[in-house]
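Contents: one structure, followed by commentary.
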Amino acid sequence: MIKLLSYLLSKGVVTDKNMFSSLHESAMGLPAISDKPCAGSECGACVQACPTDAIQLKDGKAGISLDRGACINCSVCIDVCPTGTIVSDRDTKTASMTREGLILSAETAAVAANARATANMFSRSVAARVVSTGCSACDSELSAAGNPIFDVERFGVSVVASPRFADVLMVTGPVPKAMHAALRSCYDQLAEPKRVIAVGSCAISGGVHRNSYTEANGVGAVLPVDVFIPGCPPHPWSIIHGILLAMGRV
């Protein structure tokens, strides 16, 4: 016991005090739109390379539209863009309270304007029920958000086993039709007022699974969503940012 205590004291506090620190330069951040003009329909390399149709070209040379809610962080669009219009964004404050806030263009080159919340009754603490519909990667990052480094509990966030004790429903995975009824049942058991958070691109849009025979088009096709956290999977800081956004604390 003495050796254990000595070891813990020698290690000190490992909890990260720098909230929402940027990703390391070696990490693949979500794509973003820079101020460099796009070649538009004369190029189209990014559209052809995107595996989830997250990028749309506008008419002529007006530029592009990039949907972070459908992006799976493959970074291929960044690699093939000849004009430097699409760049890597290593910011971890990526959550949005609107689906439209995840769609970037030359006119809306940031989602920060949509990441505004008003104070609500969850501002001091919130209980979350997590429902996984098939994404182990997002589940792993959710678990990491609760480890000693990120320590989501210091913000008054607790994960509960029953929806009857939850304020927030956090959904991961593409939500195939086999999970629709179960997800609605879980949502109905939450007391009002309640919030729904879509964690990861699959939960937002279905990702690579959308418009398939499984009807896996994200949680928005089944329930109203209050906060969207893009990424495949999102970083733990991005997940915490989304939760604090739902709490009205960002």
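The values are calculated or read from the model by the stated rules, or taken from the named source; none is laboratory data. Every value quoted in this text rests on a predicted model; they were computed, and no experiment measured them. No Cβ is skipped: glycine too gets one built from the backbone with ideal geometry, and neighbour counts run over all protein chains shown.
Laid out as a table, the results:
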read-out: Hits in the stretch 38-80 (condition: farther than 28 Å from Asn217 by Cα and assigned to a loop (DSSP other than H, G, I, E, B)); value: Cys38, Ala39, Cys43, Gly60, Lys61, Ala62
read-out: Qualifying residues in the stretch 192-250 (those that are part of a strand (DSSP E or B) and under 10 Å from the mean Cα position of the chain (by Cα)) - the one nearest to Gly146 (Cα to Cα); value: Val199
read-out: Count - residues of the stretch 81-101 that are charged (D, E, K, R) and part of a strand (DSSP E or B); value: 1
read-out: Top-ranked residue of the stretch 171-195 - restricted to ones that are of a type in the set (Lys, Arg) and without any contact (Cβ under 8 Å) to a residue 60 or more places away in the chain, ranked as nearest to Phe228 (Cα to Cα); value: Lys194
read-out: Pick from the stretch 116-151, criterion among the charged types (D, E, K, R) and assigned to a loop (DSSP other than H, G, I, E, B), ranking: nearest to Ser96 (Cα to Cα); value: Arg116
read-out: Single match in Ala49, Ala54 (criterion: among the hydrophobic types (A, V, I, L, M, F, W, C), surrounded by 14 or more Cβ atoms within 10 Å (Cβ to Cβ), touching a helix residue (DSSP H, G or I) at 6+ places or on another chain (Cβ under 6 Å) and at pLDDT 85 or above); value: Ala49
read-out: Residues of the stretch 79-100 classified as free of Cβ contacts under 8 Å to residues at least 60 places away in the same chain and at negative phi, total; value: 9
read-out: Hey, Gly242 at pLDDT 95 or above, buried (at least 24 other Cβ atoms within 10 Å of the Cβ) and at positive phi or not; value: no
read-out: In the stretch 152-179, the residues that are assigned to a loop (DSSP other than H, G, I, E, B) and more than 18 Å from the chain's Cα centre (by Cα); value: Gly156, Val160, Ala161, Ser162, Ala166, Asp167, Pro176
